[in-house]
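Notes follow the structure.
The values are calculated or read from the model by the stated rules, or taken from the named source; none is laboratory data. These figures come from a predicted structure and were not determined experimentally. Cβ coordinates were reconstructed from backbone atoms using ideal geometry, including for glycine residues, and neighbour counts include every protein chain displayed. Calculation scope for accessible area: heavy atoms of the full protein, side chains included, ligands and nucleic acids excluded. Shrake-Rupley method; radii C 1.70, N 1.55, O 1.52, S 1.80 Å.
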Amino acid sequence: MSHANVHSLDAMRAFRVHLLEFASVVNDVAASLQQQTLSFLDWLEHDRPNFWKQYMLRSFDVIAQARADFEKCKMRTVGDHRPTCYEEKLALEAAKQRLQMAQEKVEAVTRWCSFVRHEIDEFDGRRGSLQRYVESDFAKTIATLERMILAIEAYAEIESAADEPVAPPPAT
């Protein structure tokens with residue numbers, strides 16, 4: 001039989017309270033993290049693709065306008081001299097580069113969606129394990145601690161009853 005060397009029953013009670021508080025904090029943090037990851041995933045899977053697709057559409061419009069301006073510039077003549085249309089050509093090239101960047105962003109968002117979805121699934125597995133531990137194993141630990149406290153309290157009552165002087169029987 002093992003012997004307990006308990007110096008403070010109050011410390012055990014305080015530890016139990018702190019364990020319960022810790023479990024509550026873990027559950028709150030886990031729920032918050034789940035909400036944040038779902039919010040980020042929604043942003044990545046819905047907001048970003050829509051943004052870059054709209055950006056691509058606007059880029060097509062900008063290219064069409066830049067191309068029209070370039071063609072109009074090439075048609076102009078000032079006397080016998082044709083303008084170089086250098087600025088219009090630069091604007092057209094910049095518009096094409098913007099479109100290419102937007103297309104690359106759409107592809108990147110698609111790749112990142114898959115990667116992030118996988119990582120969030122991995123994280124959810126770990127978070128779920130932690131929550132299951134707190135809900136089951138941690139609860140069992142707290143229940144065991146409560147039983148220990150009750151047993152020590154009962155033992156302390158027996159000890160204090162044994163230490164009390166026995167009153168003599170009443171005289172008849």
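Taking every alpha-carbon pair under 8 Å whose residues sit at least 6 apart, the chain reaches a relative contact order of 35 percent.
Restricting the calculation to Cα atoms, segment 1-103 yields a radius of gyration followed by a Dmax of 33.3, 113 Å. Unpaired Cys in the chain, meaning no second Cys C-beta under 4.7 Å: C113.
Relative to the dominant Cα principal axis of the chain, helix 9-42 is inclined by about 20°. Rounded to the nearest 10 square angstrom, L57 shows an accessible area of 100 square angstrom against a 1.4 Å probe. Using the Cβ-Cβ distance between A108 and R67 with R0 set to 22 Å, the FRET efficiency from 1/(1 + (r/R0)^6) comes to roughly 0.25. What number does the chain give for Rg over Rh if you use C-alpha atoms and the Kirkwood radius? On the Cα set of the chain, Rg over Rh gives 1.56. The lysines within cross-link reach of K89, meaning a Cα-to-Cα straight distance under 16 Å and a gap of 8 or more places when in the same chain, are K72, K74. A helix-only calculation puts the chain at -28500 deg cm²/dmol for mean residue ellipticity at 222 nm, using -39500 (n - 2.57) for each DSSP H run of at least four residues, averaged over all residues.
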